[in-house]
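> Please see the structure below; I have some questions.
The values are calculated or read from the model by the stated rules, or taken from the named source; none is laboratory data. Quick caveat: nothing in here was measured; it's all calculated off a predicted structure. Virtual Cβ from ideal backbone geometry, glycine too; neighbours counted across all protein chains shown. Areas reflect the complete protein model, heavy atoms only, side chains present, ligands, DNA and RNA absent. Shrake-Rupley method; radii C 1.70, N 1.55, O 1.52, S 1.80 Å.
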Amino acid sequence: MSVTDGSERPGVEHVCRCPGGRSDTSDDVEESPRERENRRWNEILQETRVAQTGVQILFGFLLSLAFTPTFRELDTPGRALYVATVALGALATASLIAPVSIHRFLSGQRMKDEVVRTAGRLMVLGMVLLACTIGCTLLLILHVVLPGPLATTISGVVMLWFALCWYVLPFRLRQQANRTPTL
């Protein structure tokens, strides 16, 4: 949402950073559309760095599992779960690293708005895939360690917690910001 009242610098509009017109900070922030896109891009890069580290460590761990003695003892459903988990990890890795590749190929093409929007969507998709990878990894490990349905129950509870922290909470905060009047 953009608002100008004539008191801002020429060519710079007041841009509220949150849905519903509220600012991310207690101070009003003035930024041009270009500054806004640059800030959003820098935020995406920071988020990407955090997520990439996690997904790369997890993916490396998953790849190494196939070479352990315990892996040879996995039953057919366990192996199928492993294959699905590795595939999810590869998809999450691709989605979370894609913004860097997109930026590199499109740098200087005056497409920052499109790059930021696409990178944001890939980050969300990557986080969904990462959560699924973590859930399947947990289920795979607990399937080896715990008997019967206990592994599934624990994995389900952990995935519910991921859903609450990663998706429900941000969604609720966004809804709350949209309902709060701008002062």
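> Any chance you could look up the accessible area of residue 37 with a 1.4 Å probe, heavy atoms only, rounded to 10 Å²?
Its heavy atoms expose roughly 20 Å² to the probe.
> I've got another one for you. Mind checking the full-extension length gain between residue 68 and residue 94? Use 0.36 nm per residue of separation minus the Cα-Cα distance, one decimal, nm.
6.8 nm
> Still on this structure, please answer the following. What list of ³J(HN,Hα) couplings, whole Hz, do you get for the stretch 160-172 from phi and the Karplus terms 6.51, -1.76, 1.60, once you set θ to phi - 60° and write x for glycine and proline?
Values, residue by residue: 4, 4, 4, 4, 5, 6, 8, 10, 5, 4, x, 4, 5 Hz.
> Averaged over every viewing direction, what's the projected area of the C-alpha convex hull for the stretch 50-93? Give it in nm², one decimal, please.
It is 2.8 nm².
> Using a 7 Å offset from Cα along Cα-Cβ at residue 165, what residues in the stretch 96-110 end up with backbone N under 20 Å from the label point?
Of the residues in the stretch 96-110, 96 have backbone N under 20 Å from the label point off residue 165.
> Going highest first, how would you order 100-110, 126-136 by mean Cβ packing within 10 Å?
Going by the mean number of other Cβ atoms within 10 Å, highest first, we get 126-136, 100-110.
> Under 8 Å for C-alpha pairs, at least 6 residues apart: give me the relative contact order for the stretch 34-106, rounded to a whole percent. Please list the in-between numbers first.
Working: 21 pairs, mean separation 33.7, N = 73.
Result for the stretch 34-106 is 46 percent.
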